[in-house]
1. Can you name every residue in the stretch A:206-222 that is open to solvent by 80 Å² or more (accessible area, probe 1.4 Å) and either in contact (Cβ under 8 Å) with a residue 12 or more places away in the chain or within 17 Å of A:Ala171 (Cβ to Cβ) (or both)?
2. Has the stretch B:202-210 got at least one residue that is at positive phi and in a helix (DSSP H, G or I)?
3. Being touching a residue at least 40 places away in the same chain (Cβ under 8 Å) and open to solvent by 40 Å² or more (accessible area, probe 1.4 Å) is the filter; apply it to the stretch A:80-112 and report the residue that is farthest from the ligand (Cβ to nearest atom).
4. Just one of (1) more than 9 Å from the ligand (Cβ to nearest atom); (2) open to solvent by 20 Å² or more (accessible area, probe 1.4 Å); (3) modelled with pLDDT of 95 or more trips up A:Pro139, so point out which.
5. Just name the residue that is farthest from the other protein chains (Cβ to nearest Cβ) out of those in the stretch A:40-79 that are within 9 Å of the ligand (Cβ to nearest atom) and of a type in the set (A, V, I, L, M, F, W, C).
6. Tell me the residue from A:Val146, A:Val131 that is within 16 Å of the ligand (Cβ to nearest atom), of a type in the set (Val, Ile, Thr), over 14 Å from the mean Cα position of the chain (by Cα) and facing chain B (nearest Cβ under 9 Å), please.
7. For A:Asn200, which of the numbered conditions (1) buried (at least 19 other Cβ atoms within 10 Å of the Cβ); (2) at pLDDT 90 or above; (3) within 12 Å of chain B (Cβ to nearest Cβ) fails to hold?
8. Checking the structure you have, find out if any residue of the stretch A:7-28 is assigned to a loop (DSSP other than H, G, I, E, B) and within 14 Å of the ligand (Cβ to nearest atom).
Amino acid sequence: MAKTIGNYFDELRGTRVWRSVFRGGTGSSTLRRSLAIQQNVFLHLFSTKVRRRMVGLSATWYLGTLTFGTFLILVVTGILLMLYYHPSVPQAYADMKDLQFVVSSGLFLRNLHRWSAHAMVFLVFAHMFKVFYRGAYRPPREFNWVIGIILLLVTLFLSYTGYLLPWDQLAFWAITVGSNIASAVPLFGNKIHFLMLGGNLVNANALLRFYVLHCMILPLTAILFIAIHFWRIRKDGGLYAQQSEPKTLAARAAGSAAAKGAQ
Amino acid sequence: MTDPKDFIAGTDSNARKSPTRVVFVTRRTSAQVKVTDEDQLQTYPEVLFRAAVAIEVLGIVLVLISLLFNAPLEGLADPSHTPNPAKAPWYFLGLQEMLHYFPPVVAGVLIPTLVVIALVVIPYFNINVEAEGLFLKDRARRLRIFYAVAIGLSVFLLFFDVYVALVPTLVVAAVMLVAANSSPESSSAFRRYLASKPLSYWIMTWFLVVLFVLTAVGTFFRGPGWSWVWPWRS
Ligand code: HEM
């Protein structure tokens with residue numbers, strides 16, 4: 001009988017080298033499949049089993065998963081963009097032009113990073129509302145909801161700091177409008193504004209600060225909190241599977257009883 | 001001779017509750033299972049596979065968009081030349097729209113801070129956890145509070161000419177009135193649905209609708225000097 005890709009993969013999983021890397025071992029028994037999750041430093045953030053009805057599209061619309069997907073795309077394209085980008089004035093803008101006209105696939109790379117960033121902001125909001133409307137913030141998940149809010153803010157700051165980096169008119173004035181809001185904070189407004197920009201105006205210092213935030217501090221923060229977010233889902237007993245509004249069921253039952261009585 | 005054993009023994013452990021539980025089931029009773037385990041899927045490979053497919057579909061869509069549409073790039077940043085209007089990214093345009101009506105401390109600092117605090121505390125209030133239909137209990141008093149809040153908010157928005165927030169507020173208030181006059185026994189499924197919705201649902205929905213309208217207005221209907229423009233008449 002001809003070997004399938006699956007057979008080759010099983011053979012590969014049986015080799016000494018593979019088994020030295022992945023502690024789960026071979027085989028497709030329930031135990032082995034559980035070990036594949038438990039014995040892996042990344043995968044052990046997740047539970048080994050998930051309720052079937054929470055895997056269907058209607059439960060979560062996969063919005064959290066998709067948010068994570070945009071994040072992955074952004075990390076990969078972002079690192080590639082960093083290879084061509086200098087956070088200095090006016091070189092940053094020249095690098096944008098190079099990406100558009102000189103670097104092969106540079107335009108595509110920049111497009112993908114930009115549109116994925118918009119998609120991530122949209123998806124993170126959508127995910128939040130979906131979680132809310134199915135009532136999944138209930139105890140013991142309160143704190144995972146709070147971590148979610150932190151992730152929402154980190155996502156917004158990531159997008160906002162990235163907005164300045166092309167150093168074109170759009171970037172400059174959007175950040176000027178936004179950073180002026182910081183000055184309105186009572187008492188410390190101007191200090192915060194100065195700290196943010198490294199000056200009183202959006203200038204080369206601001207570009208460098210936003211670059212460090214955008215490429216180092218905020219992505220690391222996001223990774224840290226995403227890891228905690230995923231781990232908490234497992235610790236809190238898996239995805240929330242109860243009826244989202246306890247009253248809905250009762251209301252529905254009462255309603256259908258009333259409808260029957262009317263017949 | 002000794003009697004035959006009239007019980008069977010078993011052990012089980014649930015590390016979270018007690019390290020070890022021992023059960024004795026006598027002959028005359030039988031063990032009862034109260035909770036049945038739900039049908040579950042293995043994370044590896046079933047769930048991970050589905051997640052991978054979802055992310056791949058997303059990737060394909062984003063690649064197609066990136067092939068078809070170019071990211072904007074305007075002229076070199078020029079501090080001496082202010083574009084009119086200078087717009088923030090789209091997800092902040094709701095905020096920028098508020099800045100048009102209120103001083104920066106209110107629109108830029110107070111409102112966002114309150115929104116974040118409101119979001120954080122949602123799961124810490126029992127009323128949101130129990131989530132009973134808003135008007136199912138104590139209807140008369142809650143209706144009075146609802147009228148006071150809705151009218152107060154509308155007058156406030158009217159006073160500052162914030163029609164873009166006033167209109168969605170009135171729409172949501174109207175739907176809430178329908179909810180107040182519905183009950184779990186209503187004949188229409190939609191009314192039964194509305195009657196079951198708790199306070200947090202209404203506040204969040206109001207927030208969502210206002211946010212959506214403000215963002216859309218800021219994105220499409222604002223031109224030079226933040227004046228109202230019709231996007232199809234440019
Ligand atoms: C970078 C941003 C985020 C990522 C990557 C992310 C990812 C995920 C994923 C993959 C899940 C699994 C189920 C699902 O897809 O719904 C999930 C669940 C959850 N998310 Fe997020 N999320 C993010 C932001 C947020 C935000 C902003 C909130 C809310 C304020 C939030 C609250 C929750 C909660 C409470 C759950 C548990 C739901 C349950 O137990 O059923 N997350 N998240």
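1. Correct list: A:Leu208, A:Arg209.
2. So in the stretch B:202-210, the residues at positive phi come out as none.
No, the stretch B:202-210 contains no residue that is at positive phi and in a helix (DSSP H, G or I).
3. First, pick out the residues of the stretch A:80-112 that are touching a residue at least 40 places away in the same chain (Cβ under 8 Å): A:82, A:85, A:87-90, A:92-93, A:96.
Still in the list and also open to solvent by 40 Å² or more (accessible area, probe 1.4 Å): A:82, A:88-90.
On the way: A:Met82: 20, A:Ser88: 30, A:Val89: 31, A:Pro90: 33 Å.
Step by step, filter the stretch A:80-112, then rank; the result is A:Pro90.
4. If we test A:Pro139 against (1) more than 9 Å from the ligand (Cβ to nearest atom); (2) open to solvent by 20 Å² or more (accessible area, probe 1.4 Å); (3) modelled with pLDDT of 95 or more, just (3) comes out false.
5. Step one: filter the stretch A:40-79 for residues within 9 Å of the ligand (Cβ to nearest atom), giving A:54, A:59-71.
From what's left, of a type in the set (A, V, I, L, M, F, W, C): A:54, A:59, A:61, A:63, A:66, A:68, A:71.
Details: A:Met54: 9, A:Ala59: 12, A:Trp61: 10, A:Leu63: 10, A:Leu66: 5, A:Phe68: 7, A:Phe71: 10 Å.
Across the stretch A:40-79, the extreme among qualifying residues is A:Ala59.
6. Values: A:Val131 fails: facing chain B (nearest Cβ under 9 Å).
Among A:Val146, A:Val131, only A:Val146 is within 16 Å of the ligand (Cβ to nearest atom), of a type in the set (Val, Ile, Thr), over 14 Å from the mean Cα position of the chain (by Cα) and facing chain B (nearest Cβ under 9 Å).
7. The one condition A:Asn200 does not meet is (1).
8. Taking the stretch A:7-28 as the starting set, the residues that turn out to be assigned to a loop (DSSP other than H, G, I, E, B) are A:15, A:22-28.
Right, trim to within 14 Å of the ligand (Cβ to nearest atom) and you get none.
Checked the stretch A:7-28: no residue is assigned to a loop (DSSP other than H, G, I, E, B) and within 14 Å of the ligand (Cβ to nearest atom).
The values are calculated or read from the model by the stated rules, or taken from the named source; none is laboratory data. All values derive from a computational prediction rather than experimental measurement. All Cβ positions, even for glycine, are placed from backbone atoms using ideal geometry, and neighbour counts span all protein chains on display. Just so you know, the surface numbers come from the protein's heavy atoms only, side chains and all, with ligands and any DNA or RNA stripped out. Shrake-Rupley method; radii C 1.70, N 1.55, O 1.52, S 1.80 Å.
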